[in-house]
Amino acid sequence: MTSKKTTTISSQREKLNLRRKLRYGSESNSEMNAEMKVAVQSQLPHEKEETIVDALRTYFLSKRKHCKRVMKGKQEEFRKKQARRQRKLQKLSRRRGILNTSTSIAEVEKKIYKDVLTSNFMSSEESDSDRENSCSEDSDADLNISRKTKSLKVRPLPWRSSRVSTFFKKLDDKHQRRLARMGGGSVHKRSMGAPSLRKVPQGSPRWAISSGDEDEM
């Protein structure tokens, strides 16, 4: 019993020491902080010191959160959530880019569909490695996706109207044709997966919601 209690106290002390080291104001980091400020100011002489300090504080905060997830065994789950969110944001960015640069889509039509070019209207995509956590597909985070992922399951939004889905497919087809002209191709193979569990976004245009789901708005 005494040995177990001693081990627990020792573990708590190690965690406390680690948290202290992962803080901008920690004495053990003062030298590194000073070196980082000098390095940044040498490259960006007009950058304000408070901006650099804010960046350093953010860095240490990120490191603390990372260590906390590792200690609780949640880092892998976090990575998968990050990847799903990043795929959704990349899809949104791609579709916005196609809409803004297209010359075959009328300006009036562009203005209408910009209302639904938001992350809420983007379907999630899951790789083989993160489907085990499919119920939490939409948690927020940020991470670059591994290019090794070859197959993705698209989780359709049941409440999204066919009008919106058809227009998004139109944008995706334009993107694929553009890639083909440039000698590229689709990086991932996509197939349809289980419907998403996400709810209808509040304040959505009625024409963007399928009939029968409008009451959930």
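The values are calculated or read from the model by the stated rules, or taken from the named source; none is laboratory data. From a predicted model like this one, the values you see are computed outputs, not experimental measurements. Note that each Cβ is placed from the backbone with ideal geometry, even for glycine, and that neighbours are counted across all protein chains shown. Please note that ligands, DNA and RNA were not included when accessible areas were found on the heavy atoms of the full protein model with its side chains. Shrake-Rupley method; radii C 1.70, N 1.55, O 1.52, S 1.80 Å.
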Seminar exercise, completed: Selection from region 20-43 of residues open to solvent by 90 Å² or more (accessible area, probe 1.4 Å) and either more than 16 Å from Arg64 (Cβ to Cβ) or free of Cβ contacts under 8 Å to residues at least 12 places away in the same chain (or both) yields Arg20, Lys21, Glu27, Glu31, Glu35, Val38, Gln43
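Quick check on my filter: what residues within region 187-213 are aliphatic (A, V, I, L, M) and open to solvent by 50 Å² or more (accessible area, probe 1.4 Å)?
Val187, Met192, Ala194, Leu197
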Seminar exercise, completed: Restricting region 106-137 to residues that are at pLDDT 50 or above and part of a loop (DSSP other than H, G, I, E, B), the one farthest from Gly193 (Cα to Cα) turns out to be Ala106
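For Asp140, are the conditions met, namely being at pLDDT below 95, touching a helix residue (DSSP H, G or I) at 6+ places or on another chain (Cβ under 9 Å), within 30 Å of His66 (Cβ to Cβ) and open to solvent by 60 Å² or more (accessible area, probe 1.4 Å)?
yes
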For this session: Quick one: which residue in Thr58, Thr103, Thr149 is within 29 Å of Met32 (Cα to Cα) and either modelled with pLDDT of 85 or more or not charged (D, E, K, R) (or both)?
Result: Thr58
